[in-house]
Amino acid sequence: MKINLIRSVFFSLIVLGIVTGCSFSKENQNTVESDPVKETLYGESLSFSLDGRSWELGYQSRRDNEILLEYTLPGETVNTWKELVTEQAFPSLLQQISSKEFMETMKDTLLATCPESSWTILEENDSGILYEWYVKNCAGNDDQFEIARILSDEESIYILHYAVKTESPEKVKKEEWKQILLAATIRKRAKE
């Protein structure tokens, strides 16, 4: 069985776990709203809009204090995807490692696993790190391109990813996805 590269790389890096949640708002099927259960536990979540297509929650994992959400297009699954959006959060991780160190660990793991891959930081500032990578000729995995953004607050690290299986990353709508990722925010729960 083919291993999903995104899962294998990022699950191997989980130190504390992933925490986030969502639901699709009725007004805009592409706006991801916060999960009340998650907000009760952690007080925050990611808020973002997608590209206008009908993305569906295809997988979620909740283990201990971790949650992973993966969105697919109609007719695709998390095992048969051509395009995939992944939302992750790592609560309290900033107490152990910075966002930059975390990203460097992901990069080192990916390049060690798939040496013909490339990784580029597109933008780095106080609001986060935007990066892309391209995996090619990696045993057991399809060629794929990913653009992602790491955001953080006082304690937690969040990552929003867009991945596409392709042999031609230059055909990916990089600028559109860059803008989608840059528009994502951390939504804090209102204080009571």
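Remark: L93 matches the filter, which requires a residue to be at pLDDT below 95, touching a Ser or Thr at 6+ places or on another chain (Cβ under 8 Å) and surrounded by 20 or more Cβ atoms within 10 Å (Cβ to Cβ). When L69, L93, L50 are checked against the criterion of being over 16 Å from E132 (Cα atoms) and in contact with a Cys (Cβ under 8 Å, 6 or more places away or on another chain), L69 stands alone in meeting it. Restricted to strands (runs of 3 or more DSSP E) entirely inside the stretch 99-192, those with at least 2 residues that are in contact (Cβ under 8 Å) with a residue 60 or more places away in the chain are 144-152, 157-165, 185-188.
Residue-wise test of (1) of a type in the set (V, I, T); (2) open to solvent by less than 10 Å² (accessible area, probe 1.4 Å).
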position	(1), (2)
D142	no, no
S152	no, no
E155	no, no
Y158	no, yes
E167	no, no
V172	yes, no
K178	no, no
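Within the stretch 79-98, the set of residues being over 16 Å from the mean Cα position of the chain (by Cα) and part of a helix (DSSP H, G or I) comprises L94, Q95. Considering the stretch 102-140, the residues that are polar (S, T, N, Q) and over 20 Å from E176 (Cα atoms) include one that is surrounded by the fewest Cβ atoms within 10 Å (Cβ to Cβ), namely N137. Residue-level check: of (1) of a type in the set (D, E, K, R); (2) within 16 Å of the chain's Cα centre (by Cα); (3) surrounded by 14 or more Cβ atoms within 10 Å (Cβ to Cβ), E76 misses just (2).
The values are calculated or read from the model by the stated rules, or taken from the named source; none is laboratory data. Model, not experiment: these values are computed from the prediction. Methodologically, a virtual Cβ is constructed for each residue, glycine included, from the backbone with ideal geometry; neighbour enumeration extends over all protein chains shown. To get the accessible areas, we keep the full protein, side chains included, count just its heavy atoms, and leave off ligands, DNA and RNA. Shrake-Rupley method; radii C 1.70, N 1.55, O 1.52, S 1.80 Å.
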